[in-house]
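The values are calculated or read from the model by the stated rules, or taken from the named source; none is laboratory data. Here the structure is a predicted model, which means the values were calculated and not measured. Every residue, glycine as well, gets a Cβ built from its backbone with ideal geometry; the counts of neighbours run over all protein chains shown. Quick note on the areas: whole protein, heavy atoms, side chains included, nothing else; ligands and nucleic acids left out. Shrake-Rupley method; radii C 1.70, N 1.55, O 1.52, S 1.80 Å.
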Amino acid sequence: MQISPNEDKIPVVGPPSSPQGSEEGLYFSDGRRKVDYVLVFHQRRHGSIRSRASTSVSHDRLSIVSNGNFPPSAGSDAAAVPVPAPVLVPVPAAGRGGSVPGGEDARVGEVFMELGDAGGSEPTEPADHEMRLIRQEFEASLLEAGLEIERDRELKNHGPSFTRLHAPWPVLCREAEFLKIKVPTKTSYELKEESGFGSSMSTVWRKMNLPFQPKVPHQEQERTKFLTHCFTRDKLHLYNITSKDTFFDNATRGRIVYEILRRTVCVRTCQTIGISTLIAKGVYDAAFPLHDGDYKVIGQLEERSDRQVLHDEWARYSAFYKYQPIDLVRKYFGEKIGLYFAWLGVYTQLLIPASIVGIIVFCYGVATVDTDIPSLEMCDERLNFTMCPLCDGACDFWQLSTACGTARASHLFDNPATVFFAIFMSLWAVLFLEHWKRRQISLSFSWDLTGIEEDEEHPRPKYETILLQKRQRKQKTKKKKKKNELDLTVSNTNGKPEKQEDRTVTGKDRWRQKLLSAMAAGIPAAIEKLTWKDRLPGYFINVSSILFMFCLTFSAVFGVIIYRITVSALMAMSPDPETKSNVRVTVTATAVIINLVVILILDEIYGAVALWLTELEIPKTETNFEERLILKAFLLKFMNAYAPIFYVAFFKGRFAGRPGNYVYVFNDYRMEECAPGGCLIELCIQLSIIMLGKQLIQNNIFEIGIPKLKKLVRALKDKGPAEKEMEEERPPQQWNLDYALAPFEGLTPEYMEMIIQFGFVSLFVASFPLAPLFALLNNVIEIRLDAKKFVTELRRPVAIRAKDIGIWYNILSGMGKFSVIINAFVISFTSDFIPRLVYQYMFSQTGTMHGFIDHTLSYFNVSNFKPGTTPQDLEQGAITVCRYKDYREPPWSPEAYTFSKQYWCVLAARLAFVILFQNLVMFLSLIVAWGIPDVPKTIVEQFKREKKLLVDVFLREEKDKFQLIQSLFSKDATLHPGRHTLHPGRHTLHPGQGSLLPGRFSTLPPGPTQGLPGDGGGPRARSRAASFSQFSRNIPPSPKNENENSRHTVV
């Protein structure tokens, strides 16, 4: 692959000569231009640095000027013009009549770098040579887009090399207008303050909250708000531009450069679009914007950068009691990350009332455990309930009083207050979503996200690549078909097809150029697109893989069931009585730990599988890709985390059978049953261990340990060959420090762990009222842990604009509705709440709970045991009847062992409770959602006020311009009374300029107009309105006080 000499231009300048002047590596070598973005690649061979006395230079060598000036050279085609940007001078090859600028006229900063293959240099591998050519073309395209580039003077033998990018003011203005970035205008207004009692309460609340507020600079100016408007180069005089260097903050500058990188095309070398594809191909190792210097404060606190403020006031565990500086987080990291932390903060705050109510419910259970009649009956040894064996053969009969501890523990969570707590948590979920909607709209207004249009997303690089391959295959097929037809025609006419073939090849090249240029311009192809037939293999693999993952999850759960059954039987055969008495606790605890380990392992596997499956679907845009990835990952991880809990809650003990007719697995292992106190206590143990273990191990240890381990591996990998070079180098610049950090991989893992936690808090909260408390404690640490990770351990992500949290809100809403159903079934089918109510109001003789345990136990005649399942105590003949928990007819009944009337009454009551609970909670949820407006009243009033003020600003501006133009025309008519006449509605020709001037109600002629120097002018995709400078070149400036960048235009 070859590229033309004109495109083989890579600007290379020396490193910063004075670190103090360049503010620790945040600027170019001149100390004035910011480094907005950094591209990193590895050079795998020596760079050849030649002296100025060299006389033999290859045509691929470039003269590099570190001071930004062209050296005066007679043979060079470029003029010696001082330019502030990094400058590149092509050097003519020796032997073609050109001279090498190496004499007395050459500058001191001039060096020669060998870019092509030259004699005496080390041979490069074909892959390295191809990568170098791709980088040359890509960076030449970046230069054409207006970016300025700087590289290190010397390429390292080992380790990374850095290409630094800077966007000058005209490029920033052009892209800001293209991206419709909202910027502050000069007009501001004071936010309306409350009056009366509300004002005093707000003042008191602010004073109480003062110790919890982070110390963020300029926070006292929050009562003043500047009007904002989408940036346009025609309205520069309206914006509050105090300095061109700081008007666009660093996050916005990085986003603008990223947009240019994302749409830049490599046509001749690799036919790809965007920096993401080049990183995937290995052309570059990484691309990222820089952090704002070191996060450690050196010097006075008043001079802290945004990163240092975030580190001191947000990313410390000692600041756990403070509010988050959300506005500063949004300013530094962008709206998408700001919304995540705002959502996490709202979620954590609302966990406080849920935790308090959960603690009250738990304390109620503790206070009433000694007065609970069913628990007292189970613990009463005088009642002498002889229970049937728990396993066949080896197990003996046992007394119900031995399960006293389980019964008392079950009452802590299975009591009447649990029903109230389940209803409360269902309404809490609705309240949380409604409160977040209000908070989200408030943030959208304060962050100027209201009214922004959805950006038209460019197709993903992989989608474009596969689409291009499809088009090339079609073109190749058509080419082959035409060639066959042509050969057939030539064979019939005895003609010569060579010229026709040449023309066909030329046509193909022309077609490819048109296609790639259309892709580069962002013009979507209306003819070709990927259809379902192209994605069919990916869909097939997706469905089959997801089904396989489901089967894998169920297999893991089934394996743990087999473990529980076998270990229970083995422990029951133990001669140690203490081992026998602790069978249930030991088996339950060990099985849950095994479940936890399996869940953690499968979670990591499912995350990688979901990413791979989403890539196979070939989504067109990044939004589609992210949504599909989230849905797959959530579906797989939801099943993985909750499958063991669903089994204990709804399936365990339901299909075990009865004595004499048990259900067996593999004909040997009897299905397990619930404990005498019910399955709710086992559900509580399962939920608590999985929730706490997942939070402690996965969310904290993994988040802290794995990034540090990866960083250590990267450091060890780069330490060997580059250790000597690092010793000789000056202190590392900011791009070196940022490259050593871990790359940002998106917010999906952060959201996912919180969504799974939300499920633990809402879905099965009836079985574990302390779940909100543990979630609150985890989230207080999680906020600071994530903050520390973003500020100190991750490269700075690109600031992405987002109006909401996207598909995550729909998942939360769905889980909130699903939790109502789950809690209804947990209360009615897993707990003993409904059987107790039915017994008390239908079957109790005294209207109390006395006799409830005897009512729930059925009788079994021990003579009906199947052969081989008889317990050892049966030979003594002392026991004739044993009891088991179920509603069945006794053995002396004509319909022995069938379901009794009590069973059907309890079942009907359970189903009725499910229906009643769901409808009641849904109705209350609708009332809560209706009573809380989505948009706060203050936001509505401020939005209307801003709209009115903005309209007034533009009307005033148009009126001033119209009066000024009228005065110019009347003055021109006075100076030249006989030369031309002004007619309303017509265009008149200005004799000095040769251009059309508008009449009173006419529109100016369309066409490009050259802007003023430094005002953001430049090439534009659409027609610009004529500048007022055309009418006032010889007119003295207006006496009004205006910004130096102001420019009047006629629209």
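Descriptive notes on the structure:
- Considering the conditions (1) at pLDDT 90 or above; (2) surrounded by fewer than 20 Cβ atoms within 10 Å (Cβ to Cβ); (3) closer than 19 Å to Gly759 by Cβ, Ala354 is excluded by exactly one of them, (2).
- Candidate set: segment 241-259, residues that are among the charged types (D, E, K, R) and assigned to a helix (DSSP H, G or I); chosen: the one least open to solvent (accessible area, probe 1.4 Å): Arg253
- Test: Ala787 is crowded, with 22+ Cβ neighbours inside 10 Å and more than 26 Å from Ile645 (Cβ to Cβ): yes
- Matching residues in segment 654-670 - criterion: being touching a strand residue (DSSP E or B) at 6+ places or on another chain (Cβ under 9 Å) and open to solvent by less than 40 Å² (accessible area, probe 1.4 Å): Ala656, Gly657, Pro659, Gly660, Tyr662, Arg670
- Of all the residues in segment 285-332, those that are over 30 Å from Phe41 (Cα atoms) and of a type in the set (S, T, N, Q) number 3.
- Condition check for Leu383: among the aliphatic types (A, V, I, L, M) and surrounded by 19 or more Cβ atoms within 10 Å (Cβ to Cβ): no
- Listed by first and then second residue, the pairs linking a residue in segment 818-830 that is in contact (Cβ under 8 Å) with a residue 40 or more places away in the chain to a residue that is of a type in the set (Lys, Arg) and surrounded by fewer than 23 Cβ atoms within 10 Å (Cβ to Cβ), with Cβ atoms under 7 Å apart and 6 or more places separating them unless they lie on different chains, are Ser828/Arg910; Phe829/Arg910.
- Listed by first and then second residue, the pairs linking a residue in segment 534-546 that is of a type in the set (Gly, Ala, Ser) to a residue that is surrounded by 11 or more Cβ atoms within 10 Å (Cβ to Cβ) and outside any helix (DSSP H, G or I), with Cβ atoms under 9 Å apart and 6 or more places separating them unless they lie on different chains, are Gly538/Ile618.
- Within segment 583-595, residues that are under 20 Å from Thr553 (Cα atoms) have Cβ atoms under 9 Å from residues that are open to solvent by 50 Å² or more (accessible area, probe 1.4 Å) and not β-branched (Val, Ile, Thr) in these pairs: Thr590/Tyr563; Ala591/Tyr563; Ile594/Tyr563, counting only partners at least 6 apart in sequence or on another chain.
- In segment 562-582, the residue that is least open to solvent (accessible area, probe 1.4 Å) out of those that are closer than 17 Å to Pro676 by Cα and free of Cβ contacts under 8 Å to residues at least 12 places away in the same chain is Asn582.
- Here Asn823 does not fit the description of being closer than 30 Å to Ala633 by Cα, of a type outside the set (Gly, Ala, Ser), open to solvent by 40 Å² or more (accessible area, probe 1.4 Å) and outside any loop (DSSP other than H, G, I, E, B).
- Of note, Leu339 does not satisfy the criterion of being open to solvent by less than 50 Å² (accessible area, probe 1.4 Å), over 20 Å from the mean Cα position of the chain (by Cα) and at pLDDT 90 or above.
- Residue check, Leu328 assigned to a helix (DSSP H, G or I) and more than 26 Å from Phe413 (Cα to Cα): yes
- Note on segment 397-410: residues that are crowded, with 22+ Cβ neighbours inside 10 Å and within 53 Å of the chain's Cα centre (by Cα) amount to 2.
- Qualifying positions in segment 260-283 - in contact with a His (Cβ under 9 Å, 6 or more places away or on another chain), of a type outside the set (Gly, Ala, Ser) and either within 19 Å of Asp36 (Cα to Cα) or open to solvent by less than 20 Å² (accessible area, probe 1.4 Å) (or both): Arg262, Arg263
- Filtering segment 226-237 to residues that are open to solvent by less than 30 Å² (accessible area, probe 1.4 Å) and not in a loop (DSSP other than H, G, I, E, B) leaves Leu227, Thr228, Arg233, Asp234, Lys235, Leu236, His237.
- Residues within segment 284-306 that are closer than 24 Å to Pro732 by Cβ, open to solvent by 10 Å² or more (accessible area, probe 1.4 Å) and outside any loop (DSSP other than H, G, I, E, B), tallied: 3
- Scanning segment 865-876 turns up at least one residue that is of a type in the set (Phe, Trp, Tyr), part of a loop (DSSP other than H, G, I, E, B) and more than 30 Å from Tyr642 (Cβ to Cβ).
Matching residues to (1) farther than 30 Å from Gly746 by Cα; (2) more than 26 Å from the chain's Cα centre (by Cα); (3) open to solvent by 50 Å² or more (accessible area, probe 1.4 Å):
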| position | (1), (2), (3) |
| --- | --- |
| Val309 | no, no, no |
| Ser318 | no, yes, yes |
| Pro325 | no, no, no |
| Leu328 | no, no, no |
| Lys331 | no, no, yes |
| Leu350 | no, no, no |
| Gly365 | yes, yes, no |
| Cys395 | yes, yes, no |
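- For segment 221-266, the candidate set comprises residues that are among the aromatic types (Phe, Trp, Tyr) and within 11 Å of Cys173 (Cβ to Cβ); within that set, the residue that is farthest from the chain's Cα centre (by Cα) is Tyr239.
- Remark: pairs (first residue in segment 961-982, modelled with pLDDT of 75 or more; second residue polar (S, T, N, Q) and surrounded by 15 or more Cβ atoms within 10 Å (Cβ to Cβ); Cβ separation under 8 Å; 6+ apart in sequence or on different chains) = Lys961/Thr1049; Leu968/Ser1032.
- Checking the stated criteria, Phe818 turns out to be at pLDDT 90 or above, open to solvent by 10 Å² or more (accessible area, probe 1.4 Å) and part of a helix (DSSP H, G or I).
- Qualifying residue in segment 626-635 (condition: assigned to a helix (DSSP H, G or I), closer than 30 Å to Gly806 by Cβ, without any contact (Cβ under 8 Å) to a residue 60 or more places away in the chain and touching a helix residue (DSSP H, G or I) at 6+ places or on another chain (Cβ under 9 Å)): yes
- Test result for Ile681, within 29 Å of Gly746 (Cα to Cα) and open to solvent by less than 50 Å² (accessible area, probe 1.4 Å): no
- Residue match in segment 749-758 (condition: in a helix (DSSP H, G or I) and within 30 Å of Arg151 (Cβ to Cβ)): no
- Within segment 402-494, helices (runs of 4 or more DSSP H) holding 2 or more residues that are under 30 Å from Ile932 (Cα atoms) and modelled with pLDDT of 80 or more: 416-446
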